[in-house]
Amino acid sequence: MRALNYNGNPVSCDVIDRIASVIGAEKISKEHESTIITPKSQADVIAAVKAVMAADGVITTKAAKCHRDGEVCLDFSDMKDIEFIDTVNMTAKVQVGCKFSDLVKAVEEKGFTLAVRPAGKDVTVEDWVYRELPCVGSYKYGTVKDNVFNVFAVDYTGGAVETGYDNIGYYMSGYNLTQTYLASYFTIGIITAVTVKIIPKGVTKAVSYEFAGPVDIQEALMKMAQEPSVKPLHISYNENKVVVAYQGDEAFVDLDVSATDAIFEGATKIEDDLWNGIEEAKCMDPKAPTFYLPLKNMAAFIASAKDAGFNVAGNIPDCSTAVVKLRDQDVDLEDIIAKAEELGGRYGGKCPKDYRTNGTNRFIQKVVGAFLGEKPKEPRLTRRVTPEIIEELQAAVGAKNVNTNGMDRTIYCHDLAPLPKEAGLAFNCIPDVIVRPENVCHIAAVMKIAYKHGIAVTPRGNATWGLGGCMPTNAGIIIDMTSKMNKVLEINTEERYVKVQAGCTWKRLLEACMKKGYIIGSYPSSFPAGTIGAWISTNGMGIGSYKYGSAKDNVLNSCVVVDDGTVVRTGFDNMGSYGMNFNLNQFFSGAEGTLGILGTVTFRIYPMGEVRCTGYEYDGLSMADPQLQEIIQNPSVVPLHIAWSDYMHFENQRRAGLHAPDVTNVFLVTFQGDAAHNDLGEQFADASAEKNGGRKIASEVAEHEWEERCYEFRARKVGVGEIPAEVIVPAHNWGEYVDICYDGFKAMRMEPGGVIGVMVDRSTTLFMPYYFKDDELMTGMLPFGFNFYMGDRAAEFGGRSTGLGVFFAWQLDVIHNAPTVRTMRELKTVLDHHDVVNPGHVVCGMTRFGINMGKPIMSLGSTVLQTVKKMFPKDTTFSDNLGRFRYNDMEHLKVLDRHHKLGDGTQ
């Protein structure tokens, strides 16, 4: 980490003496001309960073392996404690000086294991976290970015940043600092500890094969990539020998091994033990010249390497990427590097910036500057949309794509937030102009104009969120993404990706992929109307998240337009971004459109196989908790989706005149994959339900609930507001929180709609207890006291409310510590110093009157709202509206109308 004003001079002896006076002289030594500090705690690191950065110096760590004379270097060999191993929440916190082998041993003693392990001998956690490199286990579990829950880092001021949470996933919680610190290559902060994901251990079995040559290996691997359920823990090769390892429940592992034998038909199964010691084998050697290739071009590259005299080994970190390592030769690599690039690959020894666009490299430098405290000059801008600016916009995107109609502008001033009209008066929410871009170039042109004049730009999808995420706060320009940027651009089934415009709905994308026999990993429950860019921007969780992660976890590449109109390309369409340092694919997730506007996104897609719906009925919803916990603890039973709906949910649908199955409390478990794997999953779920008092419901009922998964709030057809209190809580508290939902309905005198929700990952569950309210009443704001109440109760378990937008931006200070929030706000200031990209959201809640909707005033408002709501009589909105609205009769008349005989015109 280098101070912005660093001038090349070493840190003075006076500075070192000041550090010694704080942490102790015994922790400081000299190595050549460098000062080595061996901290024993984060407090020691904070003291050192504060002093060095204030003196405009450089402070790095020994793991960087590139410190120079005069720099201060941190040696973390004394910070090697495993602070906890939490087998309930399935996480472990460890200091960065810990050897990975020691961490693995400690976790496995508890019956769990680490999903991935870095390559090399005596590797420490610190060696792992700063670089996104393929690991042992990457094919199944990803890289460092997929396996760290929380990062503890020291920023340039000495602030203790905590990027996430130890016991729960990081969703809809502001800027994605976790994945930004990871793979940042020592440039933006000093990481002192991380909380990592651990998984149930199960068994691990490896099988080895010998092929005729690399063409046959490539063909077999590409065939395996098209299997919907066969997902190895790891694949490596050395010359013509391949080892494939599986991990999980033994029945599943044995099924996988049998399937692999069939896939690799034609290869010779061999008895060679190629698995033990794989971390230090040639195929994983971190020191060997390393190349990343599209899997489909692996054989061609290996042939060229062999022609040049190289021996090869390597690994397969995902379904479309091959890692090739050259060995046993010490010759010039220039020609072979050129061959890799010709085949669409890259050389790991080259600077990552050589494989990025100039605009992307400039943006990364701005990111680094923001983390190091850069202070941009305050610009002088008009910030007004004038007729001349309208003409500029028309010239840039075409007159037909620019709309200043007053009625249309009013329609675009809000989202689905069920707030009284007076709430919108706090902001200048009616845009001056609506622009409908047709491509990324149009977005870039609009942003250049906005940047020049300081005009706010608010990106808008279909406005299906309810937190004011796409509501303008300072008028300006609305970019309507859905009108024209709504197309699926490419589906590549061979390399398993889909490229789509950000204004496309998830439904359109899903249907396009399903026609080809594939699915996207996850999508929101609002998928019929929700758009690609909007849900990624919230870092949302939804259908499929339990198996495939959130939307951000499936992004391979995207085109993002930032404040000044620069187009940032975050990754690669057809292979992973290994060794590229900054993880831009996930950088914009959680920013809610305040750091850039998504133009196109490239996602990983998955072979569909079959989708099998199973469901179980319980007398009380919380009685499903043992079954839920048993599924979570199984290393191989990973449903596509787990959801639940209670008895009130179905009762209210029937009261509204809707068809609803004759069930009470339903626990829905949906599997996806090949029939054999689905059979094993269903058998486990059946046995667990039977053991714990559940009753399996008819498959038709389970399929009905699956088909209705995007219509959770359909009882609102009687003309009422139907509002969920969205909160996430640790999965092991699921049963307790079910009961808290019912207690909350009573305590807040609500008219309950039901308790529904979904599992997000093994550690995280999303609850959406919903209620009925009358949006037309003057007291229509009072029921929101229930949302605050449920968020407060979730916090007691280490959970929280989700989403920020405009109306809940104050929550940023509630769910993060002060240094973390300051880092987010400084990122916004530097990356958007003209304040034009969706201003007033996430990090700022300033009204048009200069009133800061911050933590103090909004916390007070939350308390007042809850207190006053408890003083009012119980809500009866649903019952009242059943008498006022006659939708049941209307449905009946519509049915009759389909059958009545029309006159011939003579009557």
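The values are calculated or read from the model by the stated rules, or taken from the named source; none is laboratory data. Nothing here was measured: the structure is a model prediction, and the numbers come from that model. Cβ sites come from the backbone with ideal geometry, for glycine too, and all protein chains shown count toward neighbours. The area values use the complete protein model at the heavy-atom level, side chains included, leaving out ligands, DNA and RNA. Shrake-Rupley method; radii C 1.70, N 1.55, O 1.52, S 1.80 Å.
Among K377/K855; K105/K201; K65/K140, which pairs are too far apart, with a Cα-Cα distance over 20 Å?
K377/K855; K65/K140
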(Q) Straight-line reach from K691: which aspartates and glutamates fall under 17 Å, measuring Cα to Cα and dropping same-chain residues less than 8 apart? (A) E617, D619, D625, E630, E682
Q: Summarise the accessible area of the chain (1.4 Å probe, protein heavy atoms) by the percent that is carbon and sulfur.
A: 51
**Q.** Proximal aspartates and glutamates to K40, defined as alpha-carbon separation beneath 14 angstrom and excluding residues fewer than eight positions away on the same chain
**A.** E26, D75, D78, D81, E83
Q. Tell me which lysines have Cα within less than 18 Å of K746's Cα, excluding those fewer than 8 residues away on the same chain?
A. K773, K869, K870, K874
Q | All-pairs Cα distance distribution in segment 1-146, expressed in whole percent, bin size 5 Å | A | 2, 9, 17, 18, 16, 12, 10, 8, 5, 1, 0
Q) Using modelled backbone amide H atoms (1.01 Å from N, in-plane), which distant-in-sequence or interchain residues come within less than 5 Å of L233's amide H? A) A245, Y246, Q247
Q.
Ignoring everything except DSSP H segments at least 4 long, calculate the 222 nm mean residue ellipticity for the chain; use -39,500 (n - 2.57) per segment, divide by total residues, nearest 500.
A. -9000 deg cm²/dmol
(Q) Treating only the Cβ of Lys, Arg, Asp and Glu as charged (+1, +1, -1, -1), what charge dipole size does segment 211-290 show about its Cα centre? Round to the nearest 20 debye. (A) 340
Q. Could you give the Stokes-Einstein D for segment 1-45 in µm² per second, using the C-alpha Kirkwood radius, 25 °C, 0.890 mPa s?
A. 211
Q) Given the C-alpha centroids of segment 327-387 and segment 721-751, what is the distance between them in whole angstrom? A) 46
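Would you mind calculating the relative contact order of segment 533-632 from Cα pairs under 8 angstrom and at least 6 residues apart, reporting the percent as a whole number? Can you show the working numbers first?
Values: 120 pairs, mean separation 30.1, N = 100.
So the answer I get is 30 percent.
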Q: Using only C-alpha atoms and all pairs of different ones, pull out the Kirkwood radius for segment 814-877 in Å with one decimal.
A: 14.4
Q. Taking K and R as +1 and D and E as -1, what net charge do the other residues with C-beta under 10 Å from the C-beta of L640 add up to?
A. +2
Q) Counting only heavy atoms of protein chains, what accessible area per residue, in Å², does the chain have with a probe of 1.4 Å? A) 38
**Q.** Percent of C-alpha pairs per 20 Å bin, the chain, short to long
**A.** 14, 45, 34, 6, 0, 0
Q. Projected area of segment 612-880, taken from the Cα convex hull and averaged over every viewing direction, in nm²?
A. 16.7
Q) What is the spread of the Cα atoms of segment 783-828 along each of their three principal axes, largest first, in whole Å? A) 34, 23, 11
Q) Within the set K487/K552; K93/K325; K205/K507; K121/K350, which residue pairs have Cα atoms separated by over 29 Å? A) K93/K325; K205/K507
Q | Isotropic mean projected area of the C-alpha convex hull, segment 387-480 (nm²) | A | 5.9
Q. Just from the alpha-carbon atoms, what are the Rg and Dmax of segment 83-200 in angstroms?
A. 13.3, 40
Q) Out of every Cα pair in segment 260-407, what percent are spaced more than 24 Å from each other? A) 59
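Just order 217-225, 372-380, 653-661, 532-540 by mean Cβ neighbour count inside 10 Å, highest at the front, would you?
532-540, 217-225, 653-661, 372-380
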Q: Rounded, prolate or oblate: pick one for segment 479-583, where a ≥ b ≥ c are the square roots of the eigenvalues of its C-alpha gyration tensor, a/c under 1.5 means rounded, and failing that, prolate if a/b is larger than b/c, else oblate.
A: rounded
